[in-house]
Amino acid sequence: MIDTAAGSSLSDGPDPTSSPADAPAPAKTAWRCELCGFVEEMDALPIGYGCPVCGAPRAQFKRIER
Ligand SMILES: [Zn+2]
């Protein structure tokens, strides 16, 4: 007896590739230093935050959304 385990039943259906290519990313908020143009990407600047580049205070940062 020949026991062939090769079941020739090729199911040519659509391959369900679970790859979330474009996940709906939330709106990113960033802050840009008005003095030197440094951009900090975070939701909100912490109190007492200062620009690491020019040392501008938090009030000098302008909120930008993209
Ligand atoms: Zn700065």
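The values are calculated or read from the model by the stated rules, or taken from the named source; none is laboratory data. What you see is a predicted model; the values in this text were computed from it and never measured. Cβ sites come from the backbone with ideal geometry, for glycine too, and all protein chains shown count toward neighbours.
Yes/no per residue for (1) among the aromatic types (Phe, Trp, Tyr); (2) modelled with pLDDT under 85; (3) in contact with a helix residue (DSSP H, G or I) (Cβ under 9 Å, 6 or more places away or on another chain); (4) within 16 Å of the ligand (Cβ to nearest atom):
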| residue | (1), (2), (3), (4) |
| --- | --- |
| Thr4 | no, yes, no, no |
| Pro16 | no, yes, no, no |
| Ala30 | no, no, no, yes |
| Leu35 | no, no, yes, yes |
| Cys51 | no, no, yes, yes |
| Pro57 | no, no, no, yes |
| Lys62 | no, no, no, yes |
| Glu65 | no, no, no, no |
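Residues in region 37-66 that are part of a helix (DSSP H, G or I) and surrounded by 11 or more Cβ atoms within 10 Å (Cβ to Cβ): 2 in all.
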